[in-house]
1. With every protein chain left in place, what is the accessible area per residue of segment 1-97 in square angstrom, probe 1.4 Å?
2. What is the extension gain from GLN116 to LEU43, computed as 0.36 nm multiplied by their sequence separation minus the C-alpha to C-alpha distance, in nm to one decimal?
3. Which percent of the accessible area of segment 41-83 is formed by carbon and sulfur heavy atoms (probe 1.4 angstrom)?
4. Ranked from highest to lowest mean number of other Cβ atoms within 10 Å per residue, what is the order of the peptides 9-17, 72-80, 86-94?
5. Could you work out the Kirkwood radius for segment 35-101, taking every pair of different alpha carbons, averaging 1/r and inverting it, reported in Å?
Amino acid sequence: ELSPARRKRLHQRVAEALEQRNTGDPDPVAGELARHYELAGDLDKAITWAERAGQAAQARLAIQEALDRYRRATELADSLPPDPDRSYRLLYAVMELAGVLGQRELVESFGEQQRQRRQHMPLETALVAPEPTVALSASTSAFVSAAASASSAGGSTPENAANPWSSPCVMFRLAMLP
């Protein structure tokens, strides 16, 4: 049986080794890095890698996985001293992806969290941070427009058939957002 301190050190060493071995393209192991850094107690690096894993999943159109990664990063960030820029960025990513998946309750919940955080932001940060629902509606409108034009331009080619963004169900969910 390993002591908790030894276990943390081992997770730290595994994370550092993974990071070194994958310096050229760390995205495939970003989730593992986040997990090992979290278990090592290095929450700043865990958040950074969880966010990166979310970005990588989002780029692969693995939206639920991306949402899970961003949510975990948000949970970890809540245990550290406030960093308004990072908190806003993570909450915005969660709200946007939850909206894409039609998880309205999650959007509203995280939107309320963001509104509460805005009250504690420095004034200059709060002034440039858009209201969560406005930002989400704007990004959703842009996404719907892009998806609609891509769908109409491509017709029903095999590439579009495999694209989850072009499905009528996704478009309906996006249209139902505030």
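1. Ligands and nucleic acids excluded, the figure is 55 Å² per residue.
2. Value of the extension gain: 24.0 nm.
3. On the way: 1040 of 2130 Å².
Heavy-atom surface of segment 41-83 belonging to carbon and sulfur, 1.4 Å probe: 49 percent.
4. Descending mean neighbour count gives 86-94, 72-80, 9-17.
5. 11.7
The values are calculated or read from the model by the stated rules, or taken from the named source; none is laboratory data. As the structure is a computational prediction, the values presented were derived from the model and not from experiment. FYI the Cβ positions are ideal-geometry reconstructions off the backbone, even for glycines, and counts take in every protein chain you see. Note: areas computed on protein heavy atoms with side chains; ligands, DNA, RNA excluded. Shrake-Rupley method; radii C 1.70, N 1.55, O 1.52, S 1.80 Å.
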